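Notes follow once the structure below has been shown.
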Amino acid sequence: MLPALAARTLRVGLLYRVSPPRTPVMAFVPTVGAGRVGAATRRSATAAASSLRPSVAAASAAVSTFRGAPLRTHATAAAGAAPAAAAAAAATPRMVASAPTPADTVAVTPRSVGDVVSGFALEREEYVKEMASTVRVWKHQGTGTQLMSVLNGDENKTFGVVFRTPPTDSTGVPHVLEHSVLCGSRKYPVKEPFVELMKGSLNTFLNAFTYPDKTCYPVASCNEQDFYNLVDVYMDAVFHPRLTPDTLAQEGHHLEADSASGPVSIKGVVYNEMKGAYSSPDRVLGEYSQRVLFPDNTYGVESGGHPRNIPDLTWEQFSGFHARYYHPSNARMWFYGDDAEEKRLTKANEFLAEFDASPVDSHIDLQKRWDAPRNFSFDYDAGSGDLTSKYMATVNWLLTPIDSTEPEKLLELSVLNHILLAMSASPLRKALTDSQLGEDVVGGGLEMDLRQMSFSVGLKGMKSDGQAKMEAIVTDVLQKVADEGFSKEMIDASLNTIEFRLRENNTGSFPKGLSFMLRAMTTWLHDADPLQALKFEAPLAALKADLAAGKPVFQDLAKEYFLNNTHRASLLLTPDEQYTAKEDAAEQARIAAVTKGFTDADRQNIVDSTLRLKAKQAAVDAPEALATIPTLTRKDLNRAAKTVSYEKETIGSSGATVLNHPLFTNGVVYFDMMLSMDKLPARLLPLMSIFSGSLTELGTTKRDFVSLQQEIGRETGGLRSSTFITQMVSADGNGPAMSRLIVRGKGMVSQIPKLLDLAREILLDVDVSNKERLRQLLIEERSGLESGIAGSGHTVAATRLNAMNRAGSWADEQMGGIDYLVAVRSLLKRIDSDWPSVQADMRAILDSVVSQEDLLINVTTTADDYRTVRPSIESFVTALPAHPSGSGSPWTVKTPLLPAVNEGIIVPSTVNYVGLATNLCDLGFRPTGAHSLAAKHLGTSYLWDTVRVQGGAYGGFCRLDARSGQFAYLSYRDPNVEGTIQSYKGAAAWLRSVDLTDEEMTKSVIGMIGALDSYQLPDAKGFASSVRLLTKETDEFRQGRREQVLDATVKDFHELGEALEEVNAKGNVVVVGGAEALKKANEGGLNLKLNNVVAEA
């Protein structure tokens, strides 16, 4: 998987950040989740700050980084810390508590530098208090492999092996290789060890990343035996893969034809993945913004591979890249958690002992600096329709090397970046937004994932003459910073936000150990001090001391890194309606050139090669080969479902429910308020979606949104709002829809009174009179929706299909799908034509939603801390109206559904997203936990093989919602339409006849239990438990589902197979894809109702 440059989204506290930075290109694409948490996503840079949950980028999500600098001794760093901290204490009005410990401490065997254990010599040991961990750096005596061993009490153990892999061209060789090494190895000679691990592991993380300069293979698990099983398979995969030309053909590229007289096409998993990636305008902008700054080194090429260049990758280049860069002497290994260090070193030495040291020249050359700015322009695919306002532009600066920049300077740059861009109220973001030159701010801000840092900012949705004006605004803002600096309020807000995030270190479902590894790697990869990137106390104290002393920190940065920096690249992307046609023509010209002069025998060779490769892909692994994959046994599984205890009480005149989940949170209080939207009229659902995400964006009657956001940043750990829609449990699978406005906040105990005051203010005093502000928020929302469809077509398709069958899913579509996009466009027109009615609707939303009635509040913190904050909670509740006062028929009373038709959503894309779905409960089938297990097995077996491996899609999967009975097949970045639907229709027969051995069934059960028991931090445990209470998903219900999984037999698989025949007969199809692909599908008889919603602005 590649670190997707997706929108180079503006990030918070880049240097010392907790959530993932650039999302890498990954080996495996995640499937569609359940329910919806909506609307507050992109705009929440307010709450930017809050980072109440990491995005994964996902995975934008997952892979953050601290940054460090050259080697400095711990004593040196510590020496200046005490006086700096003392000075800072007087300078900072509020400080969050001391750094939370990630886990209980663990006994550490004493060692001395020079000790040798299992072939490793200890080179360094240090206790890093920011991680509450003892960190040791070891070096393998035979190969020189560096290994970092992090010892603490975190049960979520993490391992990673990372290679420095600088490409010299855009054939995508590191990306193709990242996929390929997971396709069988010396010790594990099966087609897909990776998939076998997905089926039968309790892993909390399993994937692989390709970055512009490194390739990472991380795993994580809370079960020690499972953890070492994963480590063993991954180590064998990277050092002893079974690479063949067929591997390159499958994962990279190959020519394919069904007959000697038929058309020839280019197929390959990575090839189609990257065609999909280049269908996203935001990703294209991010990619070019990076590449134009680095024309002379590895960062100037596409490590993931450009579709034009991937077919140039030869077997010699492919195999040679592995031989050159996947040697242990070029590897860095990471272990983290509560397992024994001796076991770590022994396991690593098992693989390294057979290698000798081999010098590997993989260093990253520095880009030579320019003495004058440069301009660049490229075309991109913006679809059809009116393209006059579809220009995109960024201005980009090359900064200093991260491995030679002092830690304090890196932190200063991170704070500067946060002040400039992280919130809607940030001066640079606000100036660009207020200019109305474009629809949304883009660029990503400060980038610290490469050896040389960079900064990028710009606008999308501009007219052709907007670029120069945009750059002038950027320059003017930076000049003002250089001349005047920032207000104390602005600095305090950003500094508090970053410090809170560092101390909280909440990585959500992303393993903390992996987050730490990626932070360390930013300096370690370039042979600088890896620990410096993990420590923030000294730089933070020094920065506070400098600010307290009145030093012009940010003024100097603006001059040095921007205004006086001549290495600046101006980039313009010009919309081209013919772009896709030109790319298709270029692809056909390539095929024509390759096949020119082919004889009938040559064409038959392509057919024969196609059949041979497909037969190999379809072949079943031998039982003795599958038996080599290590796995747990059923004895390793807990029969009892995990539960979370809570205390419950009622507060207020209408009996608001308040829960306390008494979990240790190290002094942080997590506050979740869930207000019922069930009485909202249906016509207000779209406006509710944008409104919910704008509560901290509109300002209040007491202060404008700039002051509001600064107050949130300065006084709390974060505050944000969103919507949540799901369905309640019922025997017939058609329980009532449940919808909530969710306001989530966090802070130290002392901050909770202020946090709740601010929450009350945004609910009761939100300013609904700011017409221009709402217009801008709607423009940003429209822009994000339009540009996001092409990259998330599987989610679009699933939402449309679900909305044909269930009320809650219909509401989901109104608040986040294609219908929502149409509504947002209509709202923009209504702001000008009938502004009073829009204001009235916003007041009606508040009247219908904000009250004590059906209110649920969850507080996740210790019982003692809950008692401390309870009076503030009571004051908050009693300040709300007792009952809603809105009028109109509630949307939940009589909900329409989308018409059950086959549909084609036209987007500017060269790949497709194919969905086929229906509701099994409506057909009389009652899904159980065992049937969910069968569906998961179907996805990781049949669909993986037919849709991804044989069909060339980046992803193929299915989802069974056992609560509602909705079943959907979905594909991701798929070159096919009809072929994929045929694969779907073959799934029922495959599942009906599948015959699993006891070992295979056990493996599937283990994998399903691992999914049910996904790792959660305390705030996630409390929130999930609260949602279960709302949906009436009792512990008894969950235990019953678990037992159904544990007791499943092959009969359950056959039952689901029978039911899926009804999907073939009665299911609906939704395809998101390019116009030509959908037209061709209709010519083949699919009868899709075409909807060119992106062009219908």
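Here is how the numbers come out for the structure above:
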| read-out | value |
| --- | --- |
| The chain - mean residue ellipticity at 222 nm from DSSP helices (-39,500 (n - 2.57) per run, n ≥ 4, rounded to 500) | -12500 deg cm²/dmol |
| The chain: Rg to Rh, with Rh as the Kirkwood radius over Cα pairs | 0.94 |
| Per principal axis, descending, Cα span of the stretch 903-1091 in whole Å | 51, 40, 31 |
| Likely footprinting exposure, 661, 240, fewest C-beta neighbours within 10 Å first | 240, 661 |
| Rounded to whole Hz, the Karplus (6.51, -1.76, 1.60) HN-Hα couplings of the stretch 516-521, x for glycine and proline | 4, 4, 5, 5, 4, 5 |
| Lysine pairs with alpha-carbon atoms under 21 Å apart, the stretch 163-317, spacing 8 or more or separate chains | 4 |
| Residue-by-residue Karplus 3J(HN,Hα) for the stretch 460-468, coefficients 6.51, -1.76, 1.60, Hz, glycine and proline x | 10, x, 9, 7, 5, 9, x, 4, 4 |
| Packing-based order for 893-901, 868-876, using average beta carbon neighbours within 10 Å, highest first | 868-876, 893-901 |
| Charge tally in the Cβ shell below 13 Å around residue 461, where Lys, Arg are +1 and Asp, Glu are -1, residue 461 excluded | -3 |
| For the stretch 200-235 and the stretch 460-488, distance of Cα centres in Å | 44 Å |
| Ratio of Rg to Rh over the stretch 205-318 (Cα coordinates, Kirkwood Rh, two decimals) | 1.05 |
| Positive-end residue, the chain charge dipole about Cα centroid, Cβ charges, pick of 533, 935, 1034 | 1034 |
| Equivalent ellipsoid, the stretch 525-684 (semi-axes from 5 times Cα gyration tensor eigenvalues, Å) | 53, 41, 28 |
| Karplus-derived 3J(HN,Hα), 6.51/-1.76/1.60, for each residue of the stretch 434-451, Hz, glycine and proline x | 5, 5, 6, 6, x, 8, 7, 7, 10, x, x, x, 6, 10, 10, 8, 9, 4 |
| FRET efficiency, residue 129 to residue 638 (Cβ-Cβ, R0 35 Å, nearest 0.05) | 0.55 |
| Cβ-based net charge around residue 242, under 13 Å, with every Lys or Arg adding one and every Asp or Glu removing one | -1 |
| Sorted peptide list for 680-688, 308-316, criterion being average Cβ within 10 angstrom, highest first | 680-688, 308-316 |
| Cα-based Lys proximity count in the stretch 903-1091, under 15 Å, for pairs eight or more positions apart or on separate chains | 4 |
| Enclosed volume per residue, in Å³, of the convex hull spanned by Cα atoms of the stretch 653-878 | 145 Å³ |
| Pairwise centroid distance, computed over Cα atoms, of the stretch 855-922 with the stretch 294-373, Å | 45 Å |
| Restricting the stretch 166-259 to GluC sites (Glu not before Pro) in coil, as DSSP defines it, with at most 11 other Cβ within 10 Å | none |
| Under 5 Å, built H, 5+ apart or other chain: amide partners of residue 903 | 1069, 1070, 1071, 1089 |
| Nearest-20 debye value, the chain charge dipole, Cβ charges on Lys, Arg, Asp, Glu | 1080 debye |
| Cβ-based net charge around residue 392, under 9 Å, with every Lys or Arg adding one and every Asp or Glu removing one | +1 |
| Trypsin sites (Lys or Arg not before Pro) lying in DSSP loop within the stretch 691-743, provided at most 11 other Cβ fall within 10 Å | 702 |
| Calculated on alpha-carbon atoms, Rg and Dmax of the stretch 985-1091 in Å | 19.9, 53 |
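Values in this text are rule-based calculations from the coordinates and carry no lab data. As the structure is a prediction and not an experimental result, all values here were calculated from the model. Note that each Cβ is placed from the backbone with ideal geometry, even for glycine, and that neighbours are counted across all protein chains shown.
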